[in-house]
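Just below is one structure, and these are the notes that go with it.
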Amino acid sequence: MQETISIFVKAIFSENMIFAYFLGMCSYLAVSKTVKTAVGLGAAVIFVLGITIPLNYLLENYVLKAGALAWLNESYASIDLSFLSFIMYIAVIASIVQLVEMVVEKFAPALYGALGIFLPLIAVNCAILGGALFMQDRQYTSITDATSFGLGSGVGWFLAIVAIAAIREKIKYSHVPPALRGLGITFIITGLMGMAFMSFMGIEY
Amino acid sequence: MSEVVEKVKAPSEPLFSKKNRKLVTDPLSDNNPITIQVLGICSALAITVQVEQAVVMSAAVFFVLALGNVVISTLRNLIPGRIRIIVQLVVVASLVIIVNQVLMAYLPDVSAKLSVFVGLIITNCIIMGRFEAFAMANKPWPSFMDAVGNASGYAIILIIVAVVRELLGSGSLFGIPILGSPIPVEGYPNGTGLFDMGYMNNNLMVLPPMALIVVGVIIWIQRGRNKKLIESH
């Protein structure tokens, strides 16, 4: 249990998707002009990461990994399908995003109104595929750990995008050098935020 | 890549017409995928600690983008509009699997350093962005030229950032010590080269946040030189 919580906290702070690995930077830069949209996209990312990481974990451990097919038949134990993992992960992510979009539209129209336009964007967000690939790389031992990693990464991404959106809303009123306006200053602020987040590395989990 | 070139020799327009040349040169500066269009940042920042990784990554993106653009543009009239994203993802994913297998076989140490970032070429926004914006609407040869231009624009920024970070962060380029070595040898207790004179590596350059700041500075310089690119806010 403690292990699970520490994976969660680590994924939010010291291994933050944005500040430590730069994943999902494209949408992070494009959709962080106002806090309201940033909250929408951030929530959608938490949602999708929380669903796709456990699914991809099952796929990895029961289909793709070397010897993972042994539960079907003893003779399949020598099969290693891990070279297919990229295409399988992206297929799972794209179809889950599509499915989630349809389910949310049908059963929770209010939530759909809030997340709707962001869901299709998320299929090609590197944070989602990156989460799946890190999950494969780090070989979590149970599905609970993988899920807590997924949710933690999502929360970390949410924190980062909401923080930068709040700063960008305020920075409109400051005198930024003309050539740095917009993109340039956003990069530099993200760098400074990253340095601040690096101080979490020293914490023992 | 030669067979691709032969396939499209038919058009009446000369292969290197002004329009086609512009497709290549535009993304190098005024329409750079990273600094102007803000695409493909994710992978650009993470793998710029060393020049070698940046070069391998650029080559991988070049391969995937060039072949992918040609494939998508050849199939553009056959792809139903509603499922085009999935089709594009499948094409990219298959090309990336090829790249990953080749890297694992021939450059295992670079492949280990790039780790998940090879896989992340799939969701590299440059690739999806060029498929959507260019290959879906143009013939294979211009699409190929467009891919060459954008992949080179990506590579330029990647390599500039990597040179700055490796030179200042580790005092070397391509792993070759340019500024001397900080490891003490006999007669040189502080290390060789500049390190003997008291120079020290800037370890901050190796850490992730500096990549963002270096790119920020590149954007600053570029927009300072070309006032047209300045954003209002």
Taking the residues in region B:28-52 that are more than 14 Å from chain A (Cβ to nearest Cβ) and in a helix (DSSP H, G or I) as candidates, determine which candidate is surrounded by the most Cβ atoms within 10 Å (Cβ to Cβ). B:51
Of the residues in region A:1-39, those that are more than 14 Å from chain B (Cβ to nearest Cβ), within 19 Å of residue A:196 (Cβ to Cβ) and not hydrophobic (A, V, I, L, M, F, W, C) come to A:10
Long-range neighbours under 8 Å by Cβ, at least six apart or interchain, first residue facing another protein chain (nearest Cβ under 7 Å) and modelled with pLDDT under 80 within region B:216-233, second in a helix (DSSP H, G or I) and surrounded by fewer than 17 Cβ atoms within 10 Å (Cβ to Cβ): B:230/A:178
Residue selected from region B:101-155 under the condition among the hydroxyl-bearing types (Ser, Thr, Tyr) and modelled with pLDDT of 80 or more, by the criterion surrounded by the fewest Cβ atoms within 10 Å (Cβ to Cβ): B:106
Sort out for me the helices (runs of 4 or more DSSP H) sitting completely within region A:109-205 that have 3 or more residues that are over 20 Å from residue B:42 (Cα atoms) and without any contact (Cβ under 8 Å) to a residue 40 or more places away in the chain. A:109-115, A:143-171
Residues being without any contact (Cβ under 8 Å) to a residue 24 or more places away in the chain and either within 14 Å of chain A (Cβ to nearest Cβ) or under 9 Å from residue B:143 (Cβ atoms) (or both) - total across region B:72-84: 3
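The values are calculated or read from the model by the stated rules, or taken from the named source; none is laboratory data. Note that the structure is a prediction, hence the values are computed from the model and not measured. We place every Cβ from the backbone using ideal geometry, glycine too, and count neighbours over all the protein chains shown.
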